[in-house]
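Reviewing the structure listed below.
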Amino acid sequence: MFNEVDSSSVQFLGGITEHPVGVATELQGLHLKLGATENRPFAYKKPNCTEDHIRCWEGITPDIVAEFAREMNFTYEYVEPMDGEYGYLDRETDQWNGMIGDMIEGKTDMITMDLSVSFERKTHIDFSVAFMDSGISLVIKGESSKSNSFFFLSPFELVVWFMITAGFVVMSLIQNLFNKMSPYGEYGQRVHAMQTCKCGRCAIRRRAKIEQNIKLRDHRNVECMIALAADERRDEMSFYNALFLNAAGFVGHGAESMPKSLLDGSFY
């Protein structure tokens, strides 16, 4: 059985606490006109039904109403709106249509359907306690129970990772090549020093190489030009240094050794 409610704690439409005049305080013995429209699975009529009007309706809400009627001893009938709508407010005419319009006009006593609650509707009609909550949810694939040591590769396909790795290698080769071509690189500084050094030792070496038609490859023995520079091999943009430089840039970290050539630095 249903528990009785203290009416003093009930707030009616308009914020009043006194029971509205002309409204029944109990349903026993009453015959109610209930607004309904077809919407599976909440309420729908049996096809080609020849039974009693009430028995032709099936669904969630007709079952709830039938249980209420049995417990509270009242009779009822279903009244469908002419337009088959739930009900919305026409801004131009300020009139409601559908089941809400029928109830406001007095054609029905209440609506027994899955009528969603909105602020606009609550300003014109009262709602009972909700019998169902609905919402929108996203379903995503859960994590696998097996641990994957290469989970960090999951953002990209294998082909993309292959192209990224190939790009690292190609860019490192290009930077290393430009470093050798640039006079600001360690290799270029030594070649430039050997070709421009004015000391006698360098002049003899250059003359011997020219006479023997030997390319200026033996540049690491040139020591007479101080600007040849300190022999800091860590500043040399070798292939391995260029590879590390590109990898550090990819993960957002700077490297200690930076390209000295403007063209080389533009590739970085």
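The values are calculated or read from the model by the stated rules, or taken from the named source; none is laboratory data. Just so you know, these numbers come straight off a predicted model, no measurement behind them. Every residue, glycine among them, receives a Cβ derived from its backbone with ideal geometry; neighbour counts consider all protein chains shown. Side chains included, ligands, DNA and RNA excluded: accessible areas come from the protein's heavy atoms. Shrake-Rupley method; radii C 1.70, N 1.55, O 1.52, S 1.80 Å.
Every residue, every condition in (1) at pLDDT below 80; (2) over 42 Å from the mean Cα position of the chain (by Cα); (3) open to solvent by less than 70 Å² (accessible area, probe 1.4 Å), yes or no:
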{"site": "27", "(1), (2), (3)": "no, yes, yes"}
{"site": "40", "(1), (2), (3)": "no, no, no"}
{"site": "56", "(1), (2), (3)": "no, yes, yes"}
{"site": "59", "(1), (2), (3)": "no, no, yes"}
{"site": "64", "(1), (2), (3)": "no, no, yes"}
{"site": "71", "(1), (2), (3)": "no, yes, yes"}
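Looking only at the range 83-121, residues that are aliphatic (A, V, I, L, M) and farther than 16 Å from residue 39 by Cβ come to 5 in all.
Scanning the range 82-101 for residues that are within 21 Å of residue 40 (Cβ to Cβ) and in contact with a strand residue (DSSP E or B) (Cβ under 6 Å, 6 or more places away or on another chain) turns up 87, 99. All told, residue 108 meets the bar of being surrounded by 10 or more Cβ atoms within 10 Å (Cβ to Cβ), in contact (Cβ under 8 Å) with a residue 40 or more places away in the chain and of a type in the set (S, T, N, Q).
Among the residues of the range 76-92, those identified as open to solvent by less than 80 Å² (accessible area, probe 1.4 Å) and farther than 17 Å from residue 116 by Cβ are 76, 77, 78, 79, 80, 83, 90.
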